[in-house]
Amino acid sequence: MLVRNKYMRWGIWLLIAGVLLVLLGEYLKTQDTWYGGALTLGVVLFIAGFVLFFYSLLRKIDRRSLLRERRVEQQKNDSEGINP
């Protein structure tokens, strides 16, 4: 997987693991065996993966806006001849 952002990478892995555990839980449900643990853990992992994935997107947007603000401030300082 070529995802460089660690939060996005963990989010994707947890999403996949959550979906697989939910599918396993549904399969075990049809077999009339113990399935509650697999479903519960699958839902928890899916939610954690979604939160991490969403967090990685927010970090990316925030980083871009910070870099843009710094660039504008630097250009303003350069045009006024101010060196910090």
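At a glance:
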{"item": "Charge tally in the Cβ shell below 13 Å around ASP78, where Lys, Arg are +1 and Asp, Glu are -1, ASP78 excluded", "result": "+1"}
{"item": "Angle in degrees between helix 6-30 and the longest Cα principal axis of the chain, rounded to the nearest 10", "result": "20"}
{"item": "D_trans [Stokes-Einstein, Kirkwood Rh over alpha-carbon pairs] for region 41-84, 37 °C, 0.692 mPa s, µm² s⁻¹", "result": "254"}
{"item": "Candidates GLY37, GLY11, GLY49, ranked by Gaussian network fluctuation over the chain, Cα under 10 Å, top entry", "result": "GLY37"}
{"item": "Inverse of mean 1/r across different Cα pairs in the chain, Kirkwood, Å", "result": "15.6"}
{"item": "Most mobile listed residue (LEU24, LEU52, LEU66) in the chain, GNM with C-alpha springs under 10 Å", "result": "LEU66"}
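Every read-out reported here was derived from the displayed coordinates using simple, explicitly stated rules and does not represent laboratory data. Please read these numbers as outputs of a predicted model, since none were measured by experiment. As a convention, Cβ positions derive from the backbone with ideal geometry for all residues, glycine included, and neighbour counts pool all protein chains shown.
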